[in-house]
Amino acid sequence: MTSSRRQKAEPSYKQHTAVDDRAGVILDVQTTTGAVNESNVILHQIRRVRDNICKQISCVTADAGYAYARIYQGLEQSGIDPIIPAKAELPPGPSLPMARFKYDAKHQIVRCPRGRKLHRSTRDQDRWYYRSSCLDCRDCSLRQKCLSPKVERRTIVISDGYDSLLRARRRKLRRESYFRKMYSRHRWRSEGLHAEQKRRHGLHRAVRRGLGNMEIQAYMTASVINLKRLAS
């Protein structure tokens, strides 16, 4: 893994840490290889924290690396307010961008800019493919902008939880004061803790090889951090 295009990829570990916002203590640590994406860990980790502290979590903050539709959906279904800055949509390509198509989660349809319906067609893992009718696209005035000459109809891919992602994007555009306040706290409370572990406690390098040894190092470092918080 590598976090920079200017660095070469090398075998690495990742530490996924849940931090209490008020006290700054570490509530949970999970260590994985560098190949594991953060989005595959956070929901399980939040459930584990909730079970350990026996309290309902009202808000979760995370950086844009967790801004996936399934993450927003999972947190909303658990009654948790996700403070995660949504990623911007991909820049428009040669065809009409997906933003021009309106998704109706209630009736599970997609409407094109001309108001024609795209219906569910096939499913692949965690997404649905919505396809238009060939008859609707044949004489459409936007055909040249929407389709290449060899394609007969438009296909839109809607991932699970896409409506939750849309709500997160609208919330980001509104620039709510509460959202900005909580995310600014995340930057020094959570990201600052990672910097403290690396710079002051040697977590920037693995002391011994092996995932099990790395887990021991991560837990010991988290224990030291929590003892410092208790002492202060």
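Computed values, structure above
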| quantity | calculated |
| --- | --- |
| Computed E for Arg208/Asp126 - FRET, C-beta separation, R0 41 angstrom, nearest 0.05 | 0.65 |
| More than 25 angstrom apart: percent of Cα pairs within the range 1-144 | 49 percent |
| Relative contact order computed over the range 98-161 (Cα-Cα under 8 Å; 6+ residues apart), in percent | 26 percent |
| Relative exposure of Glu191, Glu10, judged by other C-beta atoms within 10 Å (fewest first) | Glu10, Glu191 |
| Nearest 10 degrees, 0 to 90: helix 162-174 Cα axis against the chain principal axis | 80 degrees |
| Pairs beyond 31 Å (Cα-Cα), from Lys8/Lys102; Lys8/Lys198; Lys145/Lys181; Lys8/Lys181; Lys8/Lys145; Lys8/Lys228 | Lys8/Lys102; Lys145/Lys181; Lys8/Lys181; Lys8/Lys145; Lys8/Lys228 |
| Degrees separating the helix 42-53 axis from the principal Cα axis of the chain, which is the longest one | 40 degrees |
| Residue-count net charge about Ser78 - beta-carbon cut-off 14 Å; Lys, Arg +1, Asp, Glu -1 | +2 |
| The range 61-66 - phi-based ³J(HN,Hα) in whole Hz, Karplus 6.51/-1.76/1.60, Gly and Pro as x | 10, 7, 7, 5, x, 9 |
| Residues His186, His204 arranged by fewest to most Cβ contacts within 10 Å | His204, His186 |
| Under Karplus coefficients 6.51, -1.76 and 1.60, residue-wise ³J(HN,Hα) of the range 176-184 in Hz, glycine/proline x | 5, 5, 5, 4, 5, 5, 5, 6, 5 |
| Cβ-derived FRET efficiency at R0 22 Å, Asp51 paired with Glu196, nearest 0.05 | 0.25 |
| Reach of Lys106 by Cα under 17 Å, taken over lysines that are not fewer than 8 positions away in the same chain | Lys117 |
| Computed over the chain: relative contact order in percent, which uses C-alpha pairs under 8 Å that are six or more apart | 19 percent |
| Projected label distance in nm at Glu215 and Tyr183, using a 7 Å step from Cα toward the beta-carbon | 3.4 nm |
| Degrees between helix 191-201 axis and first principal axis of the chain (Cα, 0 to 90, nearest 10) | 40 degrees |
| Length released on extending from His107 to Arg5, taking residue separation times 0.36 nm less the Cα-Cα span | 32.5 nm |
| Ranked list, fewest to most other Cβ atoms within 10 Å of each Cβ, for Val60, Val151 | Val151, Val60 |
| At R0 = 25 Å, FRET efficiency that the Cβ-Cβ distance of Ser223 and Ser39 yields, to 0.05 | 0.40 |
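Every number here is computed from the coordinates shown, using simple stated rules; none is lab data. All of these numbers come straight from a predicted model, not from anything done at the bench. As a convention, Cβ positions derive from the backbone with ideal geometry for all residues, glycine included, and neighbour counts pool all protein chains shown.
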